[in-house]
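Below is one structure, written out as structure tokens; the observations come after it.
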Amino acid sequence: MKTIVTTFTSVFIFMTFATATLAAPGPSWQLSAQQWKVDGSFNYDLHYEDSSQLLSKVSLPQKQQMTLFGLQYNFGNGKNFIRGQYGQTGLGNKGRGYDKDWTIPGLDILTDYGDMTAYGRQKVLSVDIGRTLVENERFSSAVFAGWGRQDTSNKLNDVVYHLSDGIPVGNLTQPDDGSYLNGKLSGPRIGIDNTIRFNSKLAMSAGVSVAYLSAKAYGHWANHTPAWDWIDTGNTLGVEMNAGLTYAINPNFTAELGYSDQYAKATGCNETLNGSSIPEKVDLEFAQHGFRLGMNYRF
């Protein structure tokens, strides 16, 4: 993560200090379609009361292919724009995750361990309004403000427990009983996008945004009697960074190869378990990153 942040920061600073003056195109629309090879994880960490010690941790991979569609309208003054983007994956296999418990207070002894496959979908939605501050043949820079949301659904199947109450149990399989752990992040955001054009065909872009997010997780553990149902809520800051290269096939049609990285961690979230508030606190961590390939058409 540190290497990615350093790379994005270097590109961003370089592009921000480029110089430019104004160009003024007429009103236009831009339609985009992308494929994003998403990797990442959704993590739930339950702490003992007033302690950094973990009581439980669930980590679910988020490896899927996401299809993204975007639409942007550029107003006639050549500066202002409004845009939206929606993306989702299929209801597929996200990879093998795990559930760990440390049920002896004060001791870092793993007492329960199992792994499982996460099945489900990821969705993203965003709406922004923005203004281009600088525009010429070589460089453009725009600021924007808007709102974004990310959802993840994770049905937990093919569960195998290897350790229970401190006792090795081999490979103890569990039935697919409808257990799940879902998450949602949503809130307002602000950001900046920069583009450098090397020539009439090739350009490089880099952008960053910061969001104030409401974080929620919804869990259902059916292998208990009665079943455990919980809701976790909290707030946090999230960061999204993008960088990429675009190649103009013609004046209105471009191909794009880029990389996106999104990260948010809400600490000290409140949990309600089976309708009652518990004193323990929860951390919710959500990460997405990967390469994307797309096309943009301007008309």
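Results, tabulated for the structure shown:
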{"read-out": "When residues of the range 165-182 are limited to those that are in contact (Cβ under 8 Å) with a residue 60 or more places away in the chain and part of a strand (DSSP E or B), the one nearest to Val134 (Cα to Cα)", "value": "Asn182"}
{"read-out": "Thr117 vs. criteria out of contact with any Leu (no Cβ under 9 Å at 6 or more places or on another chain), closer than 25 Å to Gly178 by Cβ and of a type outside the set (Gly, Ala, Ser)", "value": "no"}
{"read-out": "Number of positions in the range 111-133 that are of a type in the set (A, V, I, L, M) and either in contact with a Phe, Trp or Tyr (Cβ under 6 Å, 6 or more places away or on another chain) or at pLDDT below 95 (or both)", "value": "2"}
{"read-out": "Within the range 276-294, tally of residues that are in contact (Cβ under 8 Å) with a residue 12 or more places away in the chain and within 14 Å of Asp232 (Cβ to Cβ)", "value": "8"}
{"read-out": "Cβ pairs under 6 Å, 6+ apart, first in the range 198-221 and over 11 Å from Gly238 (Cβ atoms), second modelled with pLDDT of 95 or more and not in a strand (DSSP E or B)", "value": "His220/Ser179; Trp221/Ser179"}
{"read-out": "Residue that is nearest to the chain's Cα centre (by Cα), among those in the range 188-211 that are of a type in the set (D, E, K, R) and under 17 Å from Phe253 (Cβ atoms)", "value": "Arg197"}
{"read-out": "When residues of the range 69-98 are limited to those that are crowded, with 18+ Cβ neighbours inside 10 Å and within 16 Å of the chain's Cα centre (by Cα), the one farthest from Gln122 (Cα to Cα)", "value": "Gln85"}
{"read-out": "Selected residue (criterion: surrounded by the fewest Cβ atoms within 10 Å (Cβ to Cβ)) from residues of the range 123-164 that are part of a strand (DSSP E or B) and acidic (Asp, Glu)", "value": "Asp158"}
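The values are calculated or read from the model by the stated rules, or taken from the named source; none is laboratory data. Keep in mind the model is a prediction, meaning the values are calculated, not measured. So basically every Cβ, Gly included, is an ideal-geometry build from the backbone, and we count neighbours across all protein chains shown.
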